[in-house]
1. Identify the trypsin sites (Lys or Arg not before Pro) of segment 66-105 meeting these criteria: DSSP loop state and at most 10 other C-beta atoms within 10 Å of the C-beta.
2. Can you list which of the chymotrypsin sites (Phe, Trp or Tyr not before Pro) found in segment 187-289 are DSSP loop residues with at most 14 other C-beta atoms within 10 Å?
3. From the residues 110, 242, 140, which one has its Cα farthest along the dipole of the chain in the positive direction, the dipole being from +1 and -1 charges on Cβ of Lys/Arg and Asp/Glu about the Cα centre?
4. Give me the one-decimal nm value for the distance between modelled label points at residue 262 and residue 50, 7 Å along each residue's Cα-to-Cβ direction.
5. Please rank 70, 247, 43, 260, fewest neighbouring Cβ atoms within 10 Å first, as an exposure proxy.
6. Starting from the Cα-Cα distance between residue 169 and residue 279, subtract it from 0.36 nm times their residue separation and give me the gain in nm to one decimal.
7. In the chain, what % of DSSP beta bridges are antiparallel (nearest 5)?
8. Output wanted: per-residue J couplings in Hz (rounded whole) for segment 171-188, from phi through Karplus 6.51 cos²θ - 1.76 cosθ + 1.60, θ = phi - 60°, x for Gly and Pro.
Amino acid sequence: MKRIFLASCLLLSSCGGSQSADGPTAKAENELETASLKLYALDCGKIDMLDLSIFDSGGAYEGRSNKAVDTCYLVRHPKGDLLWDAGLPDAINAIEGGVTNGPFHIEVPVTLKSQLADLDVTPDTLDFFSISHSHFDHVGNAGQYAKATFIVNKTERDFMFRDDARKAEDQFPAYAALETAETITFTGTYDVFGDGSVTIVDMPGHTPGHTVLKIDLANTGTVLLTGDLYHLYEAREKRTVPVFNTDKEQTLASMDKFEDLTKETGARVIIQHSTKDYDALPKPPQYLD
């Protein structure tokens with residue numbers, strides 16, 4: 001795919017005379033890239049939130065439970081494929097009935113690896129990998145994709161490889177291989193493909209370097225993937241902050257920033273743990289474009 005894209009670019013430049021980089025040819029190329037952009041929603045596990053009270057330090061969900069989905073996303077662009085988040089470990093797929101881990105019961109009905117294979121993506125061929133943050137349900141298979149270029153908020157990378165994180169023997173091995181991966185770190189925002197169509201945006205507070213993903217699709221319009229800025233629809237309405245967030249004030253400021261971005265772009269918001277939002281998305285091989 002990338003060879004074909006590059007060959008097309010060379011052909012266009014040879015036929016374009018003395019047009020500048022920001023002239024009609026470049027504009028046409030960017031429009032073509034955006035029109036070719038595809039977003040695939042992947043099932044990365046099921047989560048029973050057995051004690052919902054931990055999702056608000058003020059006690060808004062006391063005595064409640066919730067069924068959630070864990071999602072990952074493949075963004076397909078003419079310049080390469082980006083995997084956003086890596087879900088729960090594929091190994092859980094082999095455990096009948098799943099496992100209970102503290103306040104969560106988790107199951108993996110279908111592996112991430114098999115879903116990507118159906119889209120002709122393997123750990124050896126994936127171009128780019130990024131995460132909203134480094135909690136266990138977002139990096140469960142991350143180490144498998146260490147051959148891709150790892151794009152990560154600088155503060156989050158520091159958080160992932162701090163001394164305390166290395167001691168978490170039940171979590172650190174899942175992503176340890178990323179430490180030596182080809183890596184791009186950033187602060188603020190990062191334009192993945194250089195054309196403004198796919199942007200990673202800092203939204204700290206849930207973790208120190210938590211981010212969200214903004215995708216500008218030709219037909220759907222702007223889509224925002226929330227990471228764990230919000231876990232529930234109610235969280236967005238009530239501005240509730242989980243007890244395990246690293247910084248409450250940062251979280252609230254990120255919520256303000258997110259809502260401003262939503263209004264500015266008219267974005268479709270996808271809460272990544274919402275079964276309602278996931279059920280409303282097309283399933284591979286279908287996609288949003």
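1. none
2. Listed in order of number, the matching sites are 244.
3. Among 110, 242, 140, the one farthest towards the positive end of the dipole of the chain is 110.
4. Between residue 262 and residue 50, the label points sit 3.1 nm apart.
5. 260, 247, 43, 70
6. Gain in length upon complete extension: 36.2 nm.
7. Around 75 percent of the beta bridges assigned by DSSP in the chain are antiparallel ones.
8. Per-residue couplings from phi come out as 10, 4, x, 5, 10, 4, 5, 5, 4, 9, 6, 4, 10, 10, 9, 8, 10, x Hz.
Every read-out reported here was derived from the displayed coordinates using simple, explicitly stated rules and does not represent laboratory data. Given the structure is predicted, the values throughout are model-derived calculations rather than measurements. Cβ sites come from the backbone with ideal geometry, for glycine too, and all protein chains shown count toward neighbours.
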